[in-house]
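The structure under discussion appears below in the form of C-alpha cells.
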Number of protein chains: 2
Amino acid sequence: MPSRKPDATIVDVARTAGVSAATVSRVLNGSGPVSPSARGRVEEAVRRLRYMPNASAKSLRHLKTSTLAVIVSDILVSYYAEIIKGIENTAGALRYKILICDAQNQREKEADYMTLAMDRTVDGIILIAPMLGDAELAAYADRGYALGVIGRRIDHPAIPCVYTDNVGAATEAVTHLIAQGHERIAFLSGFADATDSYERLEGYMKALRQASLPFRPELIDSGGFSEPGGYEAFLRLRERSSAFTAVFAANDEMALGIYRACAELGIPIPAGMAVVGVDNNRVGRHVDPALSTVDPPKHAMGALLAEKLIDQLGEGRCPGTRCFEVGSRLLVRGSSIFNNK
Amino acid sequence: MPSRKPDATIVDVARTAGVSAATVSRVLNGSGPVSPSARGRVEEAVRRLRYMPNASAKSLRHLKTSTLAVIVSDILVSYYAEIIKGIENTAGALRYKILICDAQNQREKEADYMTLAMDRTVDGIILIAPMLGDAELAAYADRGYALGVIGRRIDHPAIPCVYTDNVGAATEAVTHLIAQGHERIAFLSGFADATDSYERLEGYMKALRQASLPFRPELIDSGGFSEPGGYEAFLRLRERSSAFTAVFAANDEMALGIYRACAELGIPIPAGMAVVGVDNNRVGRHVDPALSTVDPPKHAMGALLAEKLIDQLGEGRCPGTRCFEVGSRLLVRGSSIFNNK
DNA sequence: AAAGTTGTTGAAATCGATTACAAATTGCTG
DNA sequence: CAGCAATTTGTAATCGATTTCAACAACTTT
C-alpha cells in the first residue's frame, strides 16, 4: 500500500465541478464574478474532495510565506517563553505562523537561523535578546531582510525594536528599598557585560545618588542570571561584608538563589534581608515570602513587536514609531516590606 | 525607495554565469555532470549574487516542506518546553524545521492547527499531550496525514507514540516513601480525568497493596497540576485528616504548593511531611529541601518521536516499533529522606 | 572519413495556484 | 433583428527550482 493518496488540487476541483481552475480560484478568493450556479458546483466539489489550497504554491505565487521566525537563545527561559506567547497571539490573529528557533545560547546557531530569511522560508525574523551585534543585524537589514529585535535598542531605520526601561525600573526598585529604611543595599548583576546588567547597575547607582547614599563597590557581585549563581554570589557578598540589609538582584532566578542561601544561613526574609528581583518569574509569586520584583510587560512586548514587523511587511517600510521603550511595574510583595508582623 | 530589492533567482545566476538554469541546479545539487569551467563560473555567480534557492519553489517542486508542526497546550510549561527542545535538536539535525503552535489549552485551537497538515504547510505534526481524542487523531491519520503523539499511547498503525510508564514510576515513588517508614501517604492528582493522573493513582494504589497498606479515600485530592491548586488541595487534606506524614503529588508544581502550605502551617519538610513530585521541574532542585521527584526523559522523548516521524515521512509508512514506553528515574532528594540531621 | 562513444549542455515540462486578458455568453436597446 | 454593453468564463503566462530528454561537441575506433 502506498504512503498516502495525494491531496486534491485545484484542477481536480475544477474538473469535478465542470469549470476551469480560474473559476475555482475566483470562488475561493472572491476575486472575481462567478455565477451562482458555478459557485454552487465549486463549493460542493471543494467539500466532497476536502480541498485545501497548497500552501507552497500560494507562497511561490505571492512571494510571501506568511511566516515569521522567532530566534531565542533558550526556549526554557520562561521570560522568553512569555514573549513568544505574545508574538504568537498577535501573529496568529494577523494570519501569520511562527517558526521557533532555539539558538541554545550559541551565537553561531543564531547566525545560521538568519538563512531562513535569505531562502525565503520566512518573511521576517524576530530576535529576542540577540547575541549578534548591532553591526551584523544592520547588515542583514541593509540587504533587505525584515527583522525586529526585542530586548535592546537598535538604531537602524528599518529595524523595529522593543525594550524595557532598565535604568528607570532599577531606580524605582532600589528607591523602594531605600524608602523601607535600607542604607546598605547590595546589587547582584547577571553577566558584567550584558546590557541588561549594565543598565540595572546604572539605575541602582542613580537611586543611591538621589538619596545621597555612598556607592560601595564591595556590595556588587555577579551571578550569571542563574539560581546557583545567585546563591554563590550572595555567599561571597556576605563574606566580604555582613553589613548590608537588602539585595537588588538583576533577575528573579538569582533572587531565588538568595532565598536558598538565607535559609541555610538562618537569615529571615524580609526582616534580616530584603530582596527584590526582576522578571516576575512565575515561581516568585509562590515562594514564602512572595518575591518583590520588577514586572516587564513580556506578553505585550512580544505582541507589539510582532504587530510592528507585520505592518512593515505590508507597507514595505517601517511605519510610524520604530523604537518602543516600555515601562515596568514594581510589584511590592512580602520579600521587601517590613510592616508584616 | 522600494521595500527591498528582490532576491536573485536561479535564472539570474544562470545569466551571470553564461549557462542555463539546469546547469546551475546541477552544480548546486550535484545532480549531474558539469564541466569544471562551468562549475567555476556558476560558483562565482552564486557568491556574487548571494544566491539562495527559494524555499517555496523547492517545496512546490518536491511536494514536501521539510517542516514539522509541534502542537502543545501551553509553551510555558517547562515540561513541554523540554520535550520541544528534544524535538528541535533531532529535527534540526535531520534538516527539518519546526513550527510551534501553542493551543492555549483550547481543544478547538488544537483542532485548527491540524489544518497545517492539510494545506501542506508542514509534512507532519507532533502533538504533545493532545486534547483531541483517539478517534479524532485516528481520523486524521486515516486521511493520510503524518502525525505522532507524545504523552499517551495511541493504537493506530500509522501513529507513532512515546509515553512514560506512569504506573511503574508512581509505584516506585510511593514504595520509596513506604520504605522511609511512612504508612499514611496522601495522593494529589492533577485533573481527576487526565490519563496521567489516573495512571499515577493506579501506581499509588499498587504500591500500597504490595505493602499491604489500606487505601484511604480521604487521603486523595486534586490540584489541577498547578502550584496554587496544590496549595489548596493540601489545606483541604489537612482539614480532613492530620494523620498523614507524606504526600505524593502528580507533578512538581503542586508539590511546590505543598511546600508553601507547610511553610505557613509550620510543618517541617521532610521531618513533619515527606513530599515527592513528578516532572523534575527546574525549580525543584533549588528549593529547600530539594524536592524528590520522578524524572521522565523529556528531551529523549521529543528526540525519539521526531526521529520516528521523520523516518516515516521518508519510508512512506511507520517502520519498526511504533509505540515506545519510556521509563523514568526516581530522584531521591532532601524532601523525602529522614537521615538528614 | 564514417561510425560510435563519452561527456556536457539547454529546452521544455512540471509542481499548484493566481491573474491579465481575451473570448464567449447573455441581456438589452433602438 | 442588428448592435452594443454587461456579465461570466476559459486560456495562457507566471512565480522559482528541478528533471527528463534530446542535442551537441569532442573524442576514439575501424
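The values are calculated or read from the model by the stated rules, or taken from the named source; none is laboratory data. What you see is a predicted model; the values in this text were computed from it and never measured. Using ideal geometry, Cβ is built from the backbone for each residue, glycine included, and neighbour counts are taken over all protein chains shown. Side chains included, ligands, DNA and RNA excluded: accessible areas come from the protein's heavy atoms. Shrake-Rupley method; radii C 1.70, N 1.55, O 1.52, S 1.80 Å.
Mind checking which lysines have their Cα closer than 18 Å to the Cα of A:K109? Skip sequence neighbours fewer than 8 apart in that chain.
B:K85, B:K97
Build a GNM of chain A with springs between Cα atoms under 10 Å: which of A:G284, A:G320, A:G151 gets the top mean-square fluctuation?
Result for chain A, Cα springs under 10 Å: A:G320 fluctuates most.
Quick one: what are the phi-derived ³J(HN,Hα) couplings along the stretch B:315-322, Karplus 6.51/-1.76/1.60 with θ = phi - 60°, whole Hz, x for glycine and proline?
Here the 3J(HN,Hα) series is 6, x, 8, 5, x, x, 4, 10 Hz.
Please list, in chain and number order, the residues 5+ apart from A:A103 or on another chain whose amide H is under 5 Å from its amide H, with Hs placed from the backbone.
Result for A:A103 returns A:V72, A:S73, A:D74.
Which of the residues in the stretch B:46-77 lose at least 50 Å² of accessible area when you go from the chain alone to all protein chains together (probe 1.4 Å)?
In the stretch B:46-77, residues shielded by partner chains: B:R50, B:M52, B:S56, B:L60, B:I75, B:L76.
Among A:I154, A:A233, B:P53, which residue has its Cα positioned farthest towards the positive end of the charge dipole of the protein assembly as shown, with +1 placed on the Cβ of Lys and Arg, -1 on the Cβ of Asp and Glu, and the dipole taken about the Cα centre?
Positive-end residue among those listed: B:P53.
Just to be sure I follow: if Rg is taken over the C-alpha atoms of the protein assembly as shown and Rh is the Kirkwood radius over the same atoms, what is Rg/Rh?
For the protein assembly as shown, the value is 1.02.
Determine, from the Cβ-Cβ distance of A:T195 and B:L235 and an R0 of 45 Å, the FRET efficiency 1/(1 + (r/R0)^6), rounded to the nearest 0.05.
Result of the calculation: an efficiency of 0.55.
If I model the stretch B:220-287 as equal point scatterers sitting on the Cα atoms and use the Debye formula, what is log10 I(q)/I(0) at q = 0.12 Å⁻¹?
So the normalised log intensities are -0.25.
Report, by chain and number, residues whose modeled amide H sits under 5 Å from the one on A:V275, excluding near sequence neighbours (fewer than 5 apart, same chain).
Long-range HN contacts for A:V275: A:V247, A:S336.
If you plug each phi of the stretch A:53-58 into the Karplus form 6.51 cos²θ - 1.76 cosθ + 1.60 with θ = phi - 60°, what whole-Hz ³J(HN,Hα) values come out, in order, with x for Gly and Pro?
Result, ordered by residue: x, 5, 5, 5, 5, 4 Hz.
Sorting A:D311, A:D252 by accessible area (1.4 Å probe), largest first, what list results?
Sorted descending by solvent-accessible area, the residues read A:D311, A:D252.
Considering only protein heavy atoms, with the full assembly of protein chains and a 1.4 angstrom probe, order A:R107, A:R47 by accessible area, largest first.
I get A:R47, A:R107, largest accessible area first.
Which semi-axes, in whole Å and largest first, does the equivalent ellipsoid of the stretch A:1-126 have when worked out from the alpha carbon gyration tensor as the square roots of 5 times its eigenvalues?
Its equivalent ellipsoid spans semi-axes of 39, 16, 14 Å.
Taking amide hydrogens as modeled 1.01 Å from N in the peptide plane, which residues meet the under 5 Å criterion relative to B:F324, leaving out close sequence neighbours?
Those lying under 5 Å, H to H, from B:F324 are B:C161, B:V162, B:Y163.
Work out which residues of the stretch B:144-190 lose at minimum 10 square angstrom of accessible surface when the other protein chains are put back, relative to the chain isolated, with a 1.4 angstrom probe, and list them by number.
B:G144, B:Y145
If I take R0 = 30 Å and measure r between the Cβ atoms of B:R153 and B:A263 in this structure, what FRET efficiency does the formula 1/(1 + (r/R0)^6) give, to the nearest 0.05?
Approximately 0.20, to the nearest 0.05.
Using a 1.4 Å probe on protein heavy atoms, which residues of the stretch B:89-137 have at least 40 Å² less accessible area in the complex than alone?
Checking the loss per residue gives B:K97, B:L99, B:I100, B:Q104, B:D119, B:R120.
In square angstrom and rounded to 100, what buried accessible area do you get between chains B and A, total over both, with the probe at 1.4 Å? Mind showing how you got there, number by number?
Details: alone 17220 and 17250 Å², together 29670 Å².
Summed over both sides, the interface buries about 4800 Å².
At 1.4 Å probe radius, can you tell me the per residue accessible area of the stretch B:10-53 in Å²?
59 Å²
Write out the chymotrypsin sites (Phe, Trp or Tyr not before Pro) in the stretch B:81-170 meeting two conditions: DSSP loop, and at most 12 other Cβ atoms within 10 Å of their Cβ.
For chymotrypsin sites (Phe, Trp or Tyr not before Pro) across the stretch B:81-170 that sit outside H, G, I, E and B with at most 12 neighbouring Cβ atoms in 10 Å, the list is empty.
Mind checking which of B:A179, B:A81, B:A207 has the largest fluctuation in a GNM of chain B, springs on alpha carbons under 10 Å?
B:A179
Which whole-number percentage describes the relative contact order of the stretch A:226-341, with Cα contacts under 8 Å and a sequence gap of 6 or more?
Normalised by residue count, the contact order of the stretch A:226-341 is 25 percent.
Measuring with a 1.4 Å probe in the full set of protein chains, what accessible area per residue, in whole Å², belongs to the stretch B:110-208?
34 Å²
7 Å along Cα→Cβ for the label point: how many nanometres lie between B:E44 and each equivalent label in the other copies, listed shortest first?
Those label-point separations list as 6.3 nm.
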